[in-house]
Every structure is written in structure tokens, then in C-alpha cells.
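I have placed the structure first, in the form of C-alpha cells, so that the comments after it can refer back to it.
The values are calculated or read from the model by the stated rules, or taken from the named source; none is laboratory data. All of these numbers come straight from a predicted model, not from anything done at the bench. Glycine also receives a Cβ, built like all others from the backbone with ideal geometry; neighbour counts cover every protein chain displayed.
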Amino acid sequence: MRGSERIGPVISMPPPRTLMGFDYGRRRIGVAVGQELTASARPLATVTCGDWQRIERLIAEWQPAALVVGVSRHGDDTASATTQRTLRFVAELAQRSGLPVHTIDERLSSHEAEQRLWAAGGNPQRNKAAVDQLAAAVILESWLQEFHDDDH
């Protein structure tokens, strides 16, 4: 067989998509970036709540295909005051970015982020910004592992 001959049809795979995750809080917003291919995410930045210029710069720099925001709810699955603020953030994020914005339950993301920070030798009480970023990574990884196949 010569190098230019093909055995079967060529299958073209779309490139893996980059996504951004957000852990919305009253004062700070943790931001993470991740890839569909690996279903993993890494902490990226902590943004002051309401700093839309910074959020828009991060989106322009990383050019994600979609955004994921963690939404907290009470243990009985009812909405809280934080839920309503987060959903307003989601709506504004979608309007400003023009990108699809997905939501996922984030009840345990901050706890998981604190555990990861302790395991890495950090102190969550002294570094809230790191917790916010790690929580955004946990949120994004959770969505990638649970829902990304439904988005195609």
C-alpha cells in the first residue's frame, strides 16, 4: 500500500471546546477555564463582583464556547436570596457575552475547593480568592463530567 491510499472514510473530529466556569458571590466571583476533551478545569482569576470589564476581558482572551455558573440552593432545593442574585448574574452574563450560559447546582463546590486547598498545603481562611477560583474549577469540572455530552 502506498502512503497516499486510504482504507476507509476519513473521520473529522471537531476541536475540543474551551469553557469558563464562574462561582458567583456577593463580593467576589471565582473564574476557571477548562477543556471538554479532558473534562478538567483550572483556577483562572478572582474578579470583584460587578467588574464586567474584567469578565469581558477574560472571555475575550480565552474565547470560550460556553459558560457555566454554579447556582446555590437550599438543602430542600428551594431558591435562596443568593439563588436570585446568581440568576440575575447569569442573565447579564448571557446578554453581555452572547454565549450559551449553563447552570449547575454548586452547593458543595466551596467545601470541595477548601478541601483541595488544604490538601495542597494552603489555608482557605487566609486565601478566599483561591477558594473562589477553585470553586469555579469544581463547578466547571462537575458540569463537564455530568452534562457536556448533552450540549452537542
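Please go through region 43-85 and give me each residue that is polar (S, T, N, Q) and either at pLDDT 95 or above or within 12 Å of residue 31 (Cβ to Cβ) (or both), ordered by number.
Correct list: 46, 48, 53, 63.
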*Mind listing whichever residues of region 1-42 are of a type in the set (S, T, N, Q), modelled with pLDDT of 75 or more and either exposed (fewer than 12 other Cβ atoms within 10 Å of the Cβ) or part of a loop (DSSP other than H, G, I, E, B) (or both)?*
38
*Looking only at residues in region 86-101 that are among the polar types (S, T, N, Q) and surrounded by 16 or more Cβ atoms within 10 Å (Cβ to Cβ), which one is modelled with the lowest pLDDT?*
86
*Is there any pair with a first residue in region 129-152 that is surrounded by fewer than 18 Cβ atoms within 10 Å (Cβ to Cβ) and at pLDDT 80 or above and a second that is of a type in the set (Gly, Ala, Ser) and not in a helix (DSSP H, G or I) whose Cβ atoms are under 6 Å apart and which are 6 or more apart or on different chains, and what are they?*
145/39
*asked:* Any residue at all in region 55-69 that's in a strand (DSSP E or B) and surrounded by 24 or more Cβ atoms within 10 Å (Cβ to Cβ)?
replied: yes
